[in-house]
1. So which GluC sites (Glu not before Pro) in the stretch 95-189 end up in coil per DSSP with only 13 or fewer other C-beta atoms within 10 Å?
2. Write down, largest first, the equivalent ellipsoid semi-axes of the stretch 101-220 in whole Å, where each equals the square root of 5 times an eigenvalue of the alpha-carbon gyration tensor.
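The numbers here are math on the coordinates, done by the rules we state, and not lab data. Since the model is a prediction, treat every value here as computed from it, not as a measurement. In this analysis, Cβ positions are derived from the backbone assuming ideal geometry, glycine residues included, and neighbour counts consider all displayed protein chains.
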Amino acid sequence: MRMRNLANLCLLRATALLSLWLLSTLTSCSLLQKPTVFLRYFCVAYGAVQLHVSVDVQKKNNATNAGAVSGRPVKGWKISSFVKGFLFFLLSILSFHVIAVLYGAPLQEDTEETFSWALLMATLTALPCWCMLGSRLETWVAVVLNRPESEIESFLQTTVLCTVVGAWLGAFPIPLDWDRPWQVWPIPCSIGALLGHTGGLVLSAIQAKRHRLDTTRKMV
């Protein structure tokens with residue numbers, strides 16, 4: 001995938017994310033009023049955007065002999081691959097749910113809120129990896145923890161790390177005695193994750209455009 005396409009992809013996702021967030025504030029399903037309803041509707045809508053984009057990525061994959069987009073072997077959308085990727089997505093939801101409980105979320109109370117936050121985190125982190133890298137879990141882990149081998153992998157690594165860090169930073173206001181409505185779990189962590197993800201998209205777009213300018217200058 002060329003740098004221009006990657007930058008446009010980042011900006012498209014950032015625009016879609018902000019549009020969905022703004023639309024929710026104009027309705028009765030805002031994050032502050034009905035966090036669980038907002039998070040579930042948001043995950044469905046934003047997930048649909050990512051799946052739509054993945055179709056275009058997969059076409060480029062096939063046109064460039066499968067694998068050129070990410071720099072690693074990527075399989076097409078076969079039924080077995082889809083089922084495997086979907087199971088990994090469900091596993092990521094469960095993992096984020098467990099992590100939230102281990103870090104202080106109520107175990108027997110607010111389970112719906114915790115699940116909604118876990119669904120949001122999986123949609124912002126695991127789903128993009130599934131859409132762009134296929135259903136190979138080892139590839140997902142390698143992209144997040146190792147040095148990226150392509151612009152797509154760099155994009156995924158940046159957005160995943162920014163999302164996780166944003167959610168982590170969002171937890172800091174929860175125990176403070178400010179008695180604000182937005183301090184209720186999981187609103188702060190959800191806001192942090194959304195802001196971090198948006199920042200990761202913008203940062204990836206800037207990096208892609210800068211890399212494209214550097215490449216153009218070298219060619220001149």
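1. On the way: sites: GLU109, GLU112, GLU113, GLU138, GLU149, GLU151, GLU153; in loops: GLU109, GLU149.
Within the stretch 95-189, the qualifying GluC sites (Glu not before Pro) (loop, at most 13 other Cβ atoms within 10 Å) are GLU109, GLU149.
2. The three semi-axes for the stretch 101-220 are 33, 18, 10 Å.
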